[in-house]
Each structure stands twice: as structure tokens, then as C-alpha cells.
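Below is one structure, written out as C-alpha cells; the observations come after it.
The values are calculated or read from the model by the stated rules, or taken from the named source; none is laboratory data. Because the structure is predicted, anything quoted here is derived from the model rather than measured. Every residue, glycine among them, receives a Cβ derived from its backbone with ideal geometry; neighbour counts consider all protein chains shown. Heavy atoms of the whole protein, side chains included, go into the accessibility calculation; ligands, DNA and RNA do not. Shrake-Rupley method; radii C 1.70, N 1.55, O 1.52, S 1.80 Å.
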Amino acid sequence: MRGTAGPAEDPRALSIRRVELRRIHMPLVVPFRTSFGEQRERDILLLRVELASTDGALAEGWGECVALSEPSYSPEYVDGAQHVITHHLLPRLWAGGPLVAADVAPALAKVHGHPMAKGAVEMAVLDAQLRSEGRSFRDALGVTADRVPSGVSVGIFPTVDELLEAVQGYADDGYVRIKLKIEPGFDLDPVAAVRELIGPEVPLQVDANTAYRRTDGEHLRRLDRFGLLLIEQPLPEEDVLGHARLAAEVETPICLDESLVSAATTADAIELGACEIANIKPGRVGGYLEAVRIHDLCRARGVPVWCGGMVETGIGRAANAVLAGLPGFTLPGDISASTRFYAHDIVTDPIGVVDGHVAVPTGPGLGFDIDRTALDEVTVSSTVLAP
Ligand code: SMG
Ligand code: MG
């Protein structure tokens with residue numbers, strides 16, 4: 001997986017025969033509100049690639065693009081991702097020769113930004129490549145863990161009472177860590193009430209999705225009394241220096257999410273003192289291979305990491321559960337059960353939580369199997385592209 005040879009010399013190199021772009025609409029079981037908006041349904045772009053090996057055997061692979069329907073979490077959004085994949089990313093792959101997953105990012109490097117779109121393309125190629133080799137992502141990454149601890153991300157509610165009811169439900173489901181979404185006006189009181197409800201021992205953290213400003217240090221310091229694991233992305237993504245200053249002002253560790261868009265930005269943020277803990281989301285950083293590099297560099301620098309979530313289907317969740325099995329993932333990730341968001345998943349064996357953990361998938365490829373009937377039921381469009 002690491003140090004993979006380029007297309008010319010790699011005997012595993014595959015040719016892309018066709019790519020299907022499928023859009024699915026998945027209703028959420030409950031609305032999910034963050035400081036940047038409310039999601040009631042997920043509009044997701046999936047990629048299905050068909051790759052051919054030199055002996056003509058075909059392998060199928062699936063990728064899930066984590067871009068949301070609006071450019072509110074990051075600049076990317078699902079229509080834009082579909083456009084850039086169609087008009088700028090795939091043409092660059094058609095122009096190249098046979099490839100392996102490690103060739104995708106270099107082939108797309110001249111396109112600036114769009115990590116979620118690029119990550120989805122690489123993911124589909126990676127899945128197909130591993131399936132053609134009959135290998136699991138778990139083995140390819142050298143993961144030995146059988147299961148990973150499962151945390152749940154809880155949205156903003158109209159009232160603290162409604163939040164407490166939701167948190168109690170998730171605590172009953174066995175999640176080993178609770179993450180609360182916060183924003184100015186919904187922070188100290190809800191956090192105090194949840195801490196009181198779950199007791200001092202249950203790991204608790206908060207995520208502001210960039211809702212605060214540099215001048216909020218004194219206010220955010222009031223969160224220190226609740227014994228939180230971390231405060232995730234309090235300031236705007238560009239404000240890395242602001243996070244470094246905040247980290248010096250607040251005792252609770254500062255964790256970055258939106259600001260970390262590559263291994264290079266992560267290394268810089270760590271060096272500046274802005275990133276005491278890292279949330280690794282493969283889509284946000286351009287794919288699973290870059291996510292592994294970020295894991296490696298954080299581990300070398302002694303920075304704990306955990307796996308973030310983008311309300312993925314069973315496709316993305318399976319791959320995330322494998323990634324989170326790497327040894328630097330020392331904190332529970334946002335890898336909740338499929339049922340936390342979806343009544344019906346599109347994979348045959350959706351992620352479930354047992355005893356506060358999810359199993360690391362061991363199947364070939366990224367570790368899921370598509371439930372074709374369930375997938376067809378939620379599909380709203382399909383476009384097939386070929387070189
Ligand atoms: O996938 O369990 C999940 C959701 C985790 O809170 C989560 N993600 O900023 O970390 C984050 C958010 C971004 C997505 S909000 C729709
Ligand atoms: Mg976040």
C-alpha cells in the first residue's frame with residue numbers, strides 16, 4: 001500500500017473501463033443540526049468504477065463522496081463535486097495509462113482543491129484494486145484490531161431537555177463517547193447539563209464547526225470545568241494562528257477538523273501549537289491514502305488522532321472503521337451505528353455497535369457489500385462515463 005510503484009512498473013495496474021456516478025437521497029431518522037445548518041436528508045454522490053487488469057479480468061469498486069448538498073461545512077458541495085469529477089478529474093485519469101490507487105492523487109494534482117471529489121475517485125479505485133487482488137483494506141493497512149470504540153455526534157436541539165433525552169438514548173445504546181455540537185448561545189448550559197446526566201467519567205467532547213472568534217477565548221475557557229476530551233474546531237478554518245493562541249489560553253485540548261486539509265497543513269498546525277489532537281476525515285484530506293499519511297505524522301509527533309464522520313452510508317463507514325484500527329487512533333471516532341442516521345443502509349451488513357464498539361470489516365476491498373435493491377430504491381440519478 002505504501003511506496004506503491006507507478007503505473008509503468010506496477011503489475012497490479014488497472015485500466016478504467018467506465019465510471020458510474022450515482023446520486024442517492026437518504027432520509028435521516030432525526031434532523032441533525034450543527035452551527036452551520038440542519039440536515040434532514042443526505043444527498044450523496046457515489047462512484048462505481050469498473051477496472052480491467054492486464055489479463056482482462058474486471059474489478060468493481062465503490063467510492064463515496066462526503067461533500068454535503070451545500071458549501072456550508074467546507075467549500076465543496078455535491079453538485080460541484082459531480083461537476084469537477086466529470087469535467088476535470090476523470091478526463092485526467094482517461095489521459096493516463098493503467099493505474100493503482102496511489103497514482104490517482106498525483107494524476108489529479110494540477111486541479112486545485114476539491115479534496116472530497118478527489119478522495120471519492122481514489123476511494124473507488126482503491127476498493128476495486130483491493131478486490132481485484134482479493135485483499136482486504138484491513139490487511140493492506142496492516143490493521144490488527146478486530147474492533148474500534150464507537151462515539152456518537154449529537155446535534156444542537158431547540159431545548160436542553162430535548163438534548164438530554166437524545167443523549168440518554170445514545171448512552172443506553174452503549175456509545176463510549178459523546179460529542180456535542182455547540183454554538184454561541186448553546187454551549188455552557190447544555191454541556192453542564194449533559195455532564196451532570198452522564199457523570200464525570202464518560203468521555204465528552206464538543207464541536208463548534210468554526211462558530212467562535214478569536215475574542216471568545218475567555219468564554220471558551222469556561223468549558224474547562226467540564227473535563228472535556230477536546231474542543232473541536234472552535235474558530236474559522238483559516239485561523240490556524242487563532243487556534244494556537246486559544247490552545248495557550250484554554251486548558252481543554254484544541255482539536256482541528258475543518259482546518260486540516262492535507263498532511264502538510266496538519267504538520268504546520270501541529271508545529272504552530274494549534275492542533276493538540278487531530279480529527280482525521282479521509283474525504284476532507286483527499287482520500288484514505290493521505291489520511292494514513294496524516295495518521296503516521298501525528299503518531300510520530302505524539303498527537304492523538306480520531307476518525308471523523310460525514311454522515312456516510314455503510315460504504316464510507318466501513319472504510320472509516322478500518323482506518324480507525326490503525327494504532328495512532330487512540331480516541332473513539334465518530335463511527336456510530338448505521339441506525340444513528342439511517343433506517344435502511346445500502347450495504348448488506350451495516351455497521352452496528354456492540355458493547356460500545358464497531359467491528360473492523362475484514363471482507364475484500366474496503367470491507368462492505370452493496371445491497372443492490374436498497375441502493376436502487378434510494379437512487380435518483382445515474383450517469384455512466386467512459387474514456
Ligand atoms: O458522521 O457521525 C457522523 C457525524 C459526525 O459531527 C459529525 N460530523 O464537523 O465533525 C463534524 C461533522 C460534519 C458533518 S455535519 C453534517
Ligand atoms: Mg467537526
Quiz item: Taking strands (runs of 3 or more DSSP E) that do not extend beyond segment 292-387, which have at least 1 residues that are among the hydroxyl-bearing types (Ser, Thr, Tyr)?
Solution: 379-385
Exercise. Determine if segment 355-364 includes at least one residue that is out of contact with any Asp or Glu (no Cβ under 7 Å at 6 or more places or on another chain), at pLDDT 95 or above and β-branched (Val, Ile, Thr).
Key: yes
Self-check item: Some residue of segment 40-52 being within 30 Å of Arg213 (Cβ to Cβ), open to solvent by 50 Å² or more (accessible area, probe 1.4 Å) and modelled with pLDDT of 95 or more
Solution: yes
Quiz item: Got at least one residue in segment 121-140 being polar (S, T, N, Q) and open to solvent by 50 Å² or more (accessible area, probe 1.4 Å)?
Solution: yes
Practice problem: Kindly indicate the residue of segment 247-273 that is more than 25 Å from Gly286 (Cα to Cα) and within 16 Å of ligand 2 (Cβ to nearest atom) and also surrounded by the most Cβ atoms within 10 Å (Cβ to Cβ) among those meeting that condition. | Solution: Thr252
Practice problem: Give the residue that is farthest from ligand 2 (Cβ to nearest atom), with candidates limited to residues of segment 229-246 that are over 22 Å from the mean Cα position of the chain (by Cα) and farther than 24 Å from Pro75 by Cα. | Solution: Arg245
Quiz item: Of (1) aliphatic (A, V, I, L, M); (2) in contact with a Ser or Thr (Cβ under 8 Å, 6 or more places away or on another chain); (3) away from ligand 2 (no atom under 14 Å from the Cβ), Ile335 satisfies all except one. Which?
Solution: (3)
Quiz item: Yes or no: Ala343 open to solvent by 20 Å² or more (accessible area, probe 1.4 Å) and in contact (Cβ under 8 Å) with a residue 12 or more places away in the chain?
Solution: yes
Self-check item: All positions within segment 274-304 that are open to solvent by 20 Å² or more (accessible area, probe 1.4 Å) and of a type in the set (S, T, N, Q)
Solution: none
Self-check item: Checking Glu60 against (1) open to solvent by 30 Å² or more (accessible area, probe 1.4 Å); (2) within 24 Å of Gly367 (Cα to Cα); (3) without any contact (Cβ under 8 Å) to a residue 60 or more places away in the chain, the condition it does not meet
Solution: (3)
Exercise. For segment 312-328, state whether one or more residues are away from ligand 2 (no atom under 15 Å from the Cβ), open to solvent by 20 Å² or more (accessible area, probe 1.4 Å) and touching a helix residue (DSSP H, G or I) at 6+ places or on another chain (Cβ under 9 Å).
Key: yes
Quiz item: Which residue pairs have Cβ atoms closer than 6 Å, lie 6 or more positions apart in sequence or on different chains, and pair a first residue in segment 305-332 that is more than 12 Å from Val148 (Cα to Cα) with a second residue that is among the aromatic types (Phe, Trp, Tyr) and within 10 Å of ligand 1 (Cβ to nearest atom)?
Solution: Val311/Phe341
